[in-house]
Amino acid sequence: MARVVALVVISVAFAAQLGAGQKPKDPSIQVSDSVVVVDAKGLQLHDGKGTPVDVRELAQGLASLKADYLSAISLLETKLSEAQEKIDELSMFKQQALDVLPKASRVVTLSLDAVSMAGRDLGDLLNEYFANGTEILSLDLWTSDPTVPFMWNVAVSQPAFTELNLFSSDSQHKHIRYTGEDGIIEDASRCPTVILMDDVHFVYPDRQPGQSYYNYIKYHRLIMDPHARTTIQGLTLREAMNGTESRPIYEHGLITVRGPFASIVVRDSRVEFGDSVFINAHSHGITHIAFGHVRFIGDGDGEDYPVIASKGQSWSGHLSYVSVSGGKLEGNATWAPEQPDKPFQMYYLT
């Protein structure tokens with residue numbers, strides 16, 4: 001086969017010389033260890049020993065070479081086609097994995113014991129999951145020791161279009177019947193899991209006396225961005241930030257519900273608060289707030305509002321709808337008056 005290739009190369013080179021009107025420089029051309037001589041006079045092919053070369057043998061060799069070449073090309077095309085099918089199959093599996101696995105990671109349900117969470121703030125945990133792209137986060141909060149609460153002092157920013165569910169499987173869904181000491185006993189079985197909030201946040205910790213907003217505080221535990229949804233069920237939320245009354249408040253609310261279209265439902269729970277508003281609805285657009293079977297205990301110096309609508313540090317033009325079913329107000333807790341006047345309106349639907 002190598003000889004046939006050599007003959008083809010030599011013939012092409014010799015023909016090129018003749019076609020250009022050139023006299024062949026050397027009728028003998030060396031190829032490896034064999035000599036193939038092209039007779040310029042008679043245009044006959046013979047090898048270096050004078051033996052004529054059979055042109056039919058040359059043609060057969062070329063035909064065989066062509067067949068082998070076409071066979072190799074066909075085999076290569078078949079292998080490439082099979083490889084492409086494998087690539088397409090792997091791409092399909094990859095896409096299926098991308099479609100399924102992220103959805104699984106975006107929906108997280110956990111069961112947490114307050115004892116096992118000792119030393120870790122609940123807010124840190126929530127921020128960690130939201131930062132990792134969790135879209136629906138459900139936490140079943142319970143305690144193996146009734147004297148150990150969950151701690152929540154780190155502010156949480158709940159991204160837009162996400163859902164947060166904080167609940168206790170140990171809670172009981174029932175109407176509130178008692179008040180005072182009897183109410184405490186009732187809530188010990190109705191909503192036994194406690195979340196304690198006992199620290200405030202300085203808006204600008206590094207500000208010095210004389211600078212703007214020096215010593216201003218905020219109570220934020222949860223800041224809900226537009227279209228976020230939160231449900232709190234079967235929990236006792238205890239705010240114990242005593243001694244902060246003399247400090248100026250930058251923005252009210254343990255929970256801030258931002259428009260447009262953020263919403264929160266609190267049911268079968270107990271809320272103890274004093275130095276702050278429980279829920280502050282603000283920013284532009286509409287928000288929805290619902291309370292069902294919630295006992296509010298106000299222990300501040302003045303009137304303690306479960307919910308207000310205010311400008312805060314936000315845009316103007318807000319409307320908040322509040323639904324209340326089967327709740328009780330104790331201590332200094334009282335409902336804020338409706339706000340029918342723009343730019344911050346609030347209406348009770350029940």
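For this structure, a couple of remarks:
- Considering the stretch 268-299, and only residues there that are among the acidic types (D, E) and over 24 Å from F167 (Cβ atoms), the residue that is least open to solvent (accessible area, probe 1.4 Å) turns out to be D275.
- Within the stretch 259-291, considering residues that are among the β-branched types (V, I, T) and in a strand (DSSP E or B), the one farthest from T193 (Cα to Cα): I286
- Among the residues making up the stretch 184-206, a single one is within 29 Å of the chain's Cα centre (by Cα), modelled with pLDDT of 95 or more and open to solvent by 30 Å² or more (accessible area, probe 1.4 Å): L196.
- Meets criteria (surrounded by 14 or more Cβ atoms within 10 Å (Cβ to Cβ), at positive phi and either of a type in the set (D, E) or assigned to a loop (DSSP other than H, G, I, E, B) (or both)) for H227: yes
- Residue identified as out of contact with any helix residue (DSSP H, G or I) (no Cβ under 7 Å at 6 or more places or on another chain), modelled with pLDDT under 85 and either outside any loop (DSSP other than H, G, I, E, B) or at positive phi (or both) among G243, G253: G243
- Only one of P248, P209 that is open to solvent by less than 60 Å² (accessible area, probe 1.4 Å), out of contact with any Leu (no Cβ under 8 Å at 6 or more places or on another chain), of a type outside the set (V, I, T) and over 29 Å from D145 (Cβ atoms): P248
- Filtered by the rule that a residue be of a type in the set (S, T, N, Q) and more than 21 Å from H227 (Cβ to Cβ), the stretch 272-331 gives S276, S325.
- R177 vs. criteria free of Cβ contacts under 8 Å to residues at least 12 places away in the same chain, out of contact with any Leu (no Cβ under 9 Å at 6 or more places or on another chain) and among the basic types (K, R): yes
- Boolean, R238 is open to solvent by 30 Å² or more (accessible area, probe 1.4 Å), under 17 Å from F150 (Cβ atoms) and touching a strand residue (DSSP E or B) at 6+ places or on another chain (Cβ under 6 Å): yes
- Candidate set from the stretch 84-105 (those that are under 19 Å from F130 (Cα atoms) and of a type outside the set (A, V, I, L, M)); member that is modelled with the lowest pLDDT: P102
- Total residues in the stretch 127-150, condition open to solvent by 60 Å² or more (accessible area, probe 1.4 Å), in contact (Cβ under 8 Å) with a residue 12 or more places away in the chain and over 23 Å from the mean Cα position of the chain (by Cα): 3
- Number of the condition not met by L254 [criteria: (1) of a type outside the set (K, R); (2) out of contact with any Phe, Trp or Tyr (no Cβ under 7 Å at 6 or more places or on another chain); (3) under 18 Å from V322 (Cβ atoms)]: (2)
- Index of the failed condition, G259 passing every other in (1) at pLDDT 90 or above; (2) open to solvent by less than 10 Å² (accessible area, probe 1.4 Å): (1)
- Filtered residues of the stretch 316-346 (kept if under 31 Å from the mean Cα position of the chain (by Cα) and closer than 20 Å to I264 by Cα): G317, H318, L319, S320, Y321, V322
- E303 falls short on exactly one of the conditions (1) out of contact with any strand residue (DSSP E or B) (no Cβ under 7 Å at 6 or more places or on another chain); (2) surrounded by 13 or more Cβ atoms within 10 Å (Cβ to Cβ); (3) of a type in the set (D, E), and that condition is (2).
- Positions within the stretch 309-322 being surrounded by fewer than 22 Cβ atoms within 10 Å (Cβ to Cβ), at pLDDT below 95 and in a strand (DSSP E or B), in sequence order: L319
- L166 being crowded, with 19+ Cβ neighbours inside 10 Å, in contact with a Leu (Cβ under 8 Å, 6 or more places away or on another chain) and not in a strand (DSSP E or B): no
- The condition (being closer than 14 Å to D268 by Cα and in a loop (DSSP other than H, G, I, E, B)) is satisfied by just one residue among S144, S171: S171.
- Of the residues I217, I223, the single one that is aliphatic (A, V, I, L, M) and free of Cβ contacts under 8 Å to residues at least 40 places away in the same chain is I217.
The values are calculated or read from the model by the stated rules, or taken from the named source; none is laboratory data. Since the model is a prediction, treat every value here as computed from it, not as a measurement. A quick note on method: Cβ atoms are made from the backbone with ideal geometry, for glycine too, and the neighbour counts reach across all protein chains shown. Note: accessible area is taken over every heavy atom of the protein model, side chains too, but ligands, DNA and RNA are not part of it. Shrake-Rupley method; radii C 1.70, N 1.55, O 1.52, S 1.80 Å.
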